[in-house]
Amino acid sequence: GIHQCDEKPLPDVIETFSGDERKIDAGSVQQLQENASILASISAIMCEKLRWEDMAVLINKFQNRVSFGVHADIVALAEIPSLKTFRARILYKAGIQSP
């Protein structure tokens, strides 16, 4: 799976993809996450220009997940400025599912 979209803490993602011969740093993982989000956003714009509206909607939803590193169910909460992923998950489990 895509570990950042699985709400895994950054150190866990780094550990998963680092091995004996290579060490991945936090900045590299975060840069990759940002690049994936930008690519998804550009892809969605391209789909809109081609009038592939359904595909654009799907890609935009994925882009939000990649950008925030969360499952689809808490994207709305993750969009709240300065609310961390783990707190968004706690709020969601407590029944607060939208801002």
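The values are calculated or read from the model by the stated rules, or taken from the named source; none is laboratory data. This is a predicted model, so every value here is computed, not measured. Using ideal geometry, Cβ is built from the backbone for each residue, glycine included, and neighbour counts are taken over all protein chains shown. The protein model used for the area step is the full one, side chains on, heavy atoms only, and it has no ligands, DNA or RNA in it. Shrake-Rupley method; radii C 1.70, N 1.55, O 1.52, S 1.80 Å.
Here ALA56, ALA40 are screened, and the one residue that is over 29 Å from ARG87 (Cβ atoms), in a helix (DSSP H, G or I) and either more than 12 Å from the chain's Cα centre (by Cα) or modelled with pLDDT of 90 or more (or both) is ALA56.
Close Cβ contacts (under 6 Å, 6 or more residues apart or on different chains) running from residues in the range 72-99 that are within 24 Å of ILE59 (Cβ to Cβ) and at pLDDT 90 or above to residues that are part of a loop (DSSP other than H, G, I, E, B) and open to solvent by 100 Å² or more (accessible area, probe 1.4 Å) comprise ILE80/PRO99. Can you pull out every residue in the range 69-95 that is crowded, with 19+ Cβ neighbours inside 10 Å and not in a loop (DSSP other than H, G, I, E, B)? Scanning the range 69-95 gives ILE74, LEU77, ALA78, ALA88.
Inside the range 15-57, residues that are under 18 Å from GLU79 (Cβ atoms), free of Cβ contacts under 8 Å to residues at least 24 places away in the same chain and of a type in the set (A, V, I, L, M, F, W, C) make up a count of 3.
Using the structure shown, decide if VAL66 is in a helix (DSSP H, G or I), open to solvent by less than 40 Å² (accessible area, probe 1.4 Å), closer than 22 Å to ILE14 by Cα and in contact (Cβ under 8 Å) with a residue 60 or more places away in the chain. Yes: the conditions hold for VAL66.
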